[in-house]
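**Student:** The following block contains the structure, expressed as structure tokens.
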Amino acid sequence: MPTIFTRIINGELPGRFLWRDDDCVAFLSINPLRPGHTLVVPRAEIDHWVDLPVEANVQLMRVAHAIGAAQMEAFHPARVGLIIAGLEVPHVHLHVVPIEREHDLSFANADLAPSAADLDDAAQRLRSALRAQGASAVSD
């Protein structure tokens, strides 16, 4: 049975995509810890990041780096946090989160009902920042 991320990647479930390439995608979290919280997900449905080929991990980190730089430009946080937890969905994913303090990385802070307008605004701001960086895999 496909994971929820595979279903989002395949268009069976909605997602606010920021990035799409042959190896991975990036889309906004539906339960963001902070505005702009993005998930970077390989297309390959692999449960644990240590089971990914090294090259796939490198590509995920490249995309997370681009997303993080876009978050810095779009939201001006103190830092961008990166989490590889992998307990909630059995499909590798990196959480890239603009933060002001370490506490912002707690999943207890997740917004369980973000407004569509807020998510759309975050997606637009991040896509614009990615395009300004010269990224070629920005999703519409």
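The values are calculated or read from the model by the stated rules, or taken from the named source; none is laboratory data. In this text, all values refer to a predicted model and were calculated from it rather than measured experimentally. Every residue, glycine among them, receives a Cβ derived from its backbone with ideal geometry; neighbour counts consider all protein chains shown.
**Student:** Quickly run through the range 42-60 and pick out the residues that are touching a strand residue (DSSP E or B) at 6+ places or on another chain (Cβ under 8 Å) and within 14 Å of V25 (Cα to Cα).
**Tutor:** P42, R43, A56, Q59, L60
**Student:** Oh, and also: So N57 passes all but one of these: (1) in contact (Cβ under 8 Å) with a residue 24 or more places away in the chain; (2) under 22 Å from V138 (Cα atoms). Which condition number does it fail?
**Tutor:** (1)
**Student:** Here is a follow-up. Here is a list of conditions, (1) at pLDDT 95 or above; (2) under 19 Å from L18 (Cβ atoms); (3) part of a loop (DSSP other than H, G, I, E, B), and A135 meets all of them except one; can you say which number that is?
**Tutor:** (1)
**Student:** Just one of (1) loosely packed, with under 15 Cβ neighbours inside 10 Å; (2) at pLDDT below 95 trips up H65, so point out which.
**Tutor:** (2)
**Student:** Also, I was wondering about something else. Of all residues in the range 21-36 being surrounded by fewer than 20 Cβ atoms within 10 Å (Cβ to Cβ) and either of a type in the set (A, V, I, L, M) or within 14 Å of S136 (Cβ to Cβ) (or both), which is nearest to the chain's Cα centre (by Cα)? Steps first, please.
**Tutor:** Here is the first cut: in the range 21-36, the residues surrounded by fewer than 20 Cβ atoms within 10 Å (Cβ to Cβ) are 21-23, 30-31.
Right, trim to either of a type in the set (A, V, I, L, M) or within 14 Å of S136 (Cβ to Cβ) (or both) and you get 21-23, 30.
Values: D21: 14, D22: 16, D23: 14, I30: 10 Å.
So the residue we want is I30.
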